[in-house]
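Beneath this line is the structure, given in structure tokens, with notes to follow.
None of the figures in this text is laboratory data; all of them are computed from the coordinates on show. The structure displayed is predicted, hence computed values, not measured ones. FYI the Cβ positions are ideal-geometry reconstructions off the backbone, even for glycines, and counts take in every protein chain you see.
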Amino acid sequence: MSSAPKDPLNDEIEASLAGINLQELNAQDPKESRGASHDLKSGTIEGISGTDVFVELGPRQQGVIALSEFDEPPSPGETFQFSMHGMDKDGLWRLSRRQARIVAAWGDLYEGAQVKATVTGQNSGGLELSVGPISAFMPASHVDLARIEDLSVFLGQSFVCEVIECDTTKKRVVLSRKKAMIADRAEAREETMRGIDSGQVLPGKVVRIESFGAFVDIGGVEGLLHVSQISRKRVEDINEVLKVGQDVRVMVLELKDGGKKIGLGMKQLEENPWDTFAHRYQIDQVVPGKVVRLMDFGAFVEIEDGVEGLLHISQIGAKSRLRNAGEVLSIDEEISVRIQDIDVGSERISLTRLDSRGALIGSEDSVASEDIDRALGGKDENAGKTNLGNLFAKAMKKD
């Protein structure tokens, strides 16, 4: 028969609390408990004399308790729960409210309850805390969302925790601040999500950077800023553009799975060069460009920041058929291209390295073609001196 699987958390707790009795951390003086019955009984305040408070417990039963056990002096007639700790020489029951408070507090504790606790100490495995009169323990792995190396920074602090173990037999209470923080984050996320819509522009903070993009906190929730949405300029290394902790402004692009996935963008807040591209460039215009991507079917050439065009493999200008554009082009290579078509709506440009006669731009054949065009158009002052037969022969030589 297979043994029950080990519980890592329980092992961590047992190792951390080896030889420690939590409830002895704040235990009362052993002398006070000698001969005590620790029975609980209701009593009514009769009066105060100096530092003693006298209590009526019932017919011919009176008790006395230290005034210091009350948060503020009680008034005659008030009723409280007391634990009874034997009689003194005058026949008065020695009373305490501390034990009564502990019993009442234990009754209020259960797994999943949210309680406020104060850090009273630390050990190698975590923090020692008090929940009212009850001592508790918090494993180091449950102190924060991230691993904290120096737990002493929490000494004396109070915060809300979740009860993850409440064992009345062992008198052991184990708390988790991390679980309470996760619950708070989930609540904050729901609150934030109610106010988020696509198209909104929000402030955010970069919390994590990956190769494919950056995660940005936008008020308790994280969204993904994909590398393609960071800038209209091509981003090769995200770390050169963004840093963890950097404040940014982002636009909400999409919400998926009920807000569990949020797509963000920054380039949408920049001026779009496509809005004026058609006014600044024309079809058949020869422009300089830089090769930024190579594919089997061609190359993408950057004309200006944020504007790329496709140079199809059939328009690269090689005389023989190519298997891929990388055979004749390389990344970051600067070339001259001619604009064949502009589709502003789809943000697409078709490019070619061939001139209007099919010659490679900048080649000897292309220059000869230009001479022919000028001669035929009458724009060349030396047209009369040009041998058109030779020019045509040179231009058509490749055929």
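Quick notes
- Per-residue Cβ neighbour rank within 10 angstrom, fewest leading, 215, 70: 70, 215
- Ordering of 224-235, 300-311 by burial proxy (mean other Cβ atoms within 10 Å per residue, highest first): 300-311, 224-235
- What the Kirkwood sum gives for region 274-352 is a hydrodynamic radius of 12.6 Å, with every pair of different alpha carbons counted.
- Taking each of 179/256; 205/233; 267/290; 41/89; 233/260 in turn, the alpha-carbon distance tops 23 angstrom for 179/256; 233/260.
- As a rough guide to protection, the peptides 164-170, 263-269 ranked by mean Cβ packing within 10 Å, highest first, stand as 263-269, 164-170.
- Protection-proxy order for peptides 120-126, 137-143, 275-281, each taking the mean of Cβ atoms within 10 Å per residue, highest first: 137-143, 120-126, 275-281
- With 10 Å bins from 0: P(r) over region 62-195, alpha-carbon pairs, percent: 11, 32, 26, 19, 9, 2, 0
- Unit Cα scatterers, Debye sum, region 222-284: log10 I(q)/I(0) for q = 0.13, 0.29 Å⁻¹: -0.47, -1.26
- Cβ-based exposure ranking for 178, 256, in which fewest neighbours within 10 Å come first: 256, 178
- Averaging Cα coordinates gives a centre for region 150-167 and one for region 215-252; these two points are 34 Å apart.
- Region 179-194 and region 277-318 have Cα centres spaced 48 Å apart.
- Coarse-grained scattering of region 134-221 at q = 0.10, 0.11 Å⁻¹, given as base-10 log I(q)/I(0) from a Debye sum over alpha-carbon atoms: -0.41, -0.48
- Three-way shape label, region 35-103, alpha-carbon gyration tensor, a/c 1.5: rounded
- Region 198-269 - percent relative contact order, Cα under 8 Å, separation 6 or more: 37 percent
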